[in-house]
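Just so it is clear, none of the values below were taken in a lab; they were calculated from the coordinates. Quick caveat, the model's predicted, so the values are computed rather than measured. In this analysis, Cβ positions are derived from the backbone assuming ideal geometry, glycine residues included, and neighbour counts consider all displayed protein chains.
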Amino acid sequence: MLHGGHADPAPSAWVQRWAHLIAPGGNVLDLACGSGRHVRWLVEQGHRLTAVDRDAAALAGLQALAECVQADIESGPWPLAGRHFDAVLVTHYLWRPLLPLLQASLAPGGVLIYETFADGQQHIGRPSRPDFLLQAGELLQAFSGLRVVAYEDGFDPLPAPGRCLQRLAAVQGRSGPPALQALPAKITG
């Protein structure tokens, strides 16, 4: 599929793997959504989307699919104050002062799906600035108030040449969405 002259990459495998935790027809925030690869996919899954990005051109192609909010969240106020979402999705974006707001934006039982670059990426390619790279366990620490469903921190060889990533899927509250309620509170191996 072409958008803005570029082929949209497929949705993240991490997002696809954990999207089943989102309540059917849930209201999803896609933060720093870029060209909207996840917006398009999640709309196809029956969810309602709020897409946030600072790039008006990126949002222009999403207006028929989602509520679009153009905002520079690093320089201006949080544009979604007081709103809560069934899911918050962030991929390939990191601005640490925002992390507490993301957790506060989750509705009870809401799902956080986060995937971004981690320390080690600077040896492979971009991004390479420490401001854009998570340190070991940083997502776990930042979202320690959530119930962690899945977490990964390390090297992903695909697509080549590979990337160093941290990934988190977590829910707000003890019970979480129906897909989690059948799981034991603690899984041991």
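Below, the figures for the structure above:
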{"quantity": "Expected 222 nm ellipticity per residue - DSSP helices of 4 or more, -39500 (n - 2.57), all of the chain, to 500", "calculated": "-4000 deg cm²/dmol"}
{"quantity": "Proxy reagent accessibility, fewest Cβ within 10 Å first, across 75, 144", "calculated": "75, 144"}
{"quantity": "Fewest-first ranking of 73, 124, 22, using other Cβ atoms within 10 Å as the exposure measure", "calculated": "124, 73, 22"}
{"quantity": "Globularity ratio of segment 21-60, using Cα Rg and 2.2 N^0.38 Å", "calculated": "1.13"}
{"quantity": "Expected-Rg normalisation [2.2 N^0.38 Å, Cα atoms] applied to the chain", "calculated": "1.00"}
{"quantity": "Gyration tensor verdict on segment 69-120 (Cα atoms; rounded if a/c is under 1.5, prolate if a/b is larger than b/c, oblate otherwise)", "calculated": "oblate"}
{"quantity": "Unit charges on C-beta of K, R, D, E only; dipole of segment 2-176, Debye", "calculated": "240"}
{"quantity": "Farthest positive-ward along the chain dipole, Cα basis, beta-carbon charges - from 104, 41, 31", "calculated": "104"}
